[in-house]
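The values are calculated or read from the model by the stated rules, or taken from the named source; none is laboratory data. Keep in mind the model is a prediction, meaning the values are calculated, not measured. Don't worry about glycine lacking a Cβ; one is built from the backbone with ideal geometry, like all the others, and counts go over all protein chains shown. Note: accessible area is taken over every heavy atom of the protein model, side chains too, but ligands, DNA and RNA are not part of it. Shrake-Rupley method; radii C 1.70, N 1.55, O 1.52, S 1.80 Å.
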Amino acid sequence: MSFFLSFFYRHLFWSPPKPTTSFKGKTVIVTGANTGLGKEATRWLVTLGAQVIMAVRNVNKGEAAARDIRSNTSCAPDALKVWQLDMSSYASVIAFAERAKTELPRLDALLANAGLHTEEWRVTEGNEEHITTNVVSTALISCLLYPKLQQTAVQYKSDAHLSITSSDLYYAADFKERLAPEGQLFATLNDEKKSNMADRYNVSKLLEIYIIREIAAATPYDSHRVIVNCVPPGFCHSELTRERETFGIKLLKTVLARPTEVGARTLVHAISAAPASHGQYIEDGVKIRQTLRHTQGEEGADIQRRFWVELKQILESIRPGVTSFK
Ligand SMILES: NC(=O)c1ccc[n+]([C@@H]2O[C@H](COP(=O)([O-])OP(=O)(O)OC[C@H]3O[C@@H](n4cnc5c(N)ncnc54)[C@H](OP(=O)(O)O)[C@@H]3O)[C@@H](O)[C@H]2O)c1
């Protein structure tokens with residue numbers, strides 16, 4: 001089935017199943033947990049017995065979300081903790097990871113879900129904002145918390161999970177910046193004159209697929225016991241289009257979008273997925289899918305290699321040693 005036929009079929013005639021795997025005794029970090037898919041994934045997770053660290057940039061919004069979840073689930077009061085994390089600041093990402101390492105007895109899963117979608121050019125940490133938040137900080141928090149996940153997997157003899165919330169829109173990425181000379185991908189992505197902001201979110205979601213593939217390749221499941229994957233939740237109601245809620249988007253949402261709770265099921269499936277999902281793109285959290293276009297063939301492999309060489313340099317400059325998985 002073509003990509004588009006499959007997309008419409010999944011949204012019009014099918015629904016991701018309700019998750020049933022127990023998370024009793026497990027600790028999960030969900031980034032971007034104050035609203036949208038992250039909040040609803042958190043609701044599912046506490047219902048399934050997890051303790052959840054809600055990583056949010058605005059603690060007041062996070063506490064309001066936690067109150068809402070507590071009010072209609074029977075979770076214990078300490079099943080939810082709200083911690084500050086601003087992915088537009090590397091210092092905040094590092095401080096969050098340090099706190100997790102020192103305060104959490106275990107970490108069974110990281111759901112790296114926080115992300116933004118805008119067509120406005122904004123710069124944080126010297127990068128265009130999607131590049132900082134969706135790409136560099138998402139990779140940074142994944143790499144910083146990876147040792148804690150691995151330690152938990154070994155200590156408790158159970159699989160740990162790292163999942164990034166990706167998107168079907170990776171497929172739509174033109175990614176003309178890929179034509180940049182060797183070593184110039186990030187410089188080109190950060191050049192406002194050369195950038196196509198209508199394509200930028202899609203590019204950021206494509207780059208997340210490369211991140212998952214590279215981390216998975218560096219950390220074979222058999223020796224590391226951490227299952228690393230990415231999950232497109234489908235098109236869902238959320239606040240993602242808050243900066244550009246046009247008539248067309250509203251109409252598309254009405255016709256096609258999954259309720260937020262339904263989309264969030266896919267995220268919960270991804271962090272309970274089997275080892276076969278390691279390094280993979282798990283459509284709707286349940287189906288391993290071959291990815292297409294810029295992720296395929298020799299050209300795809302070459303873009304991924306060039307991207308990872310540059311991203312590794314950036315991550316190492318932020319925190320030396322962070323990409324040397326043991
Ligand atoms: N909805 C969809 O159709 C869809 C489809 C495919 C993939 N996704 C992906 O799903 C993930 C969740 O998005 P959503 O749809 O649930 O959108 P949403 O309702 O806008 O939620 C996004 C979350 O990310 C947080 N976030 C954004 N920038 C941040 C930063 N700098 N630091 C910390 N947190 C930050 C937001 O916090 P604030 O509220 O404080 O801004 C919010 O909690 C994203 O990665 C998105 O790309 C969504």
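For the peptides 135-145, 54-64, the ranking by packing is 135-145, 54-64, with the highest mean count of neighbouring Cβ atoms within 10 Å listed first.
Here's the picture: charge each Lys and Arg Cβ at +1 and each Asp and Glu Cβ at -1 in the chain, and of Leu311, His11, Phe175 the one pushed furthest to the positive end of that dipole is His11.
Out of every Cα pair in region 227-301, what percent are spaced more than 14 Å from each other?
66 percent
From helices alone, the chain scores -14000 deg cm²/dmol at 222 nm; the rule is -39500 (n - 2.57) for each run of n ≥ 4 DSSP H residues, then divide by the residue total. Zone of Ser6 (label point 7 Å along Cα→Cβ, backbone N under 11 Å): which residues in region 268-288? Hits in region 268-288 for Ser6 at 11 Å: 281-284, 287-288.
Based on the Kirkwood approach, the hydrodynamic radius assigned to region 15-317 is 19.2 Å, with every pair of different Cα atoms included. Remark: region 15-317 carries a charge dipole of roughly 980 debye about the Cα centre, counting +1 on each Lys and Arg Cβ and -1 on each Asp and Glu Cβ.
Summing Lys, Arg as +1 and Asp, Glu as -1, what charge do residues with Cβ under 12 Å from the Cβ of Glu103 carry, Glu103 excluded?
Summing Lys and Arg as +1 and Asp and Glu as -1 gives +4.
Taking only the Cα atoms of region 83-182, the ratio Rg/Rh comes out at 1.04, with Rh defined as the Kirkwood radius. Taking all protein chains as they are arranged and a probe of 1.4 Å, the heavy atoms of Asp86 leave approximately 40 Å² accessible to solvent.
Quote to one decimal, in nm, the extra length available between Arg242 and Ala95 on full extension: 0.36 nm per residue of separation minus the C-alpha distance between them. Result: 50.1 nm gained on full extension.
For the chain, relative contact order (Cα pairs under 8 Å, six or more residues apart, normalised by length) works out to 19 percent.
Note on the chain: with neighbouring protein chains present and a 1.4 Å probe, carbon and sulfur make up 54 percent of its accessible heavy-atom surface.
What the chain shows is 42 Å² of accessible area per residue, with the surface traced by a 1.4 Å probe over protein heavy atoms. A 27 angstrom limit on the alpha carbon distance is what I want to check against. Which of Lys39/Lys253; Lys81/Lys157; Lys157/Lys326; Lys18/Lys39; Lys39/Lys101; Lys61/Lys193 exceed it? In this structure, Lys61/Lys193 exceed 27 Å between Cα atoms. A simple spin-label model places pseudo-atoms 7 Å from Cα toward Cβ; at Glu120 and Tyr156 they are separated by 4.0 nm.
Highest first, please rank the peptides 97-107, 232-242 by the mean number of other Cβ atoms sitting within 10 Å of their residues. Walk me through the numbers before you get to the answer.
Values: 97-107: 15.3, 232-242: 20.6.
Highest to lowest by the protection proxy: 232-242, 97-107.
Solvent exposure of Ser2, expressed as accessible area, is near 60 Å², computed with a probe of 1.4 Å over the protein chains only. Out of every Cα-Cα pair that region 172-326 contains, those further apart than 20 angstrom amount to 59 percent.
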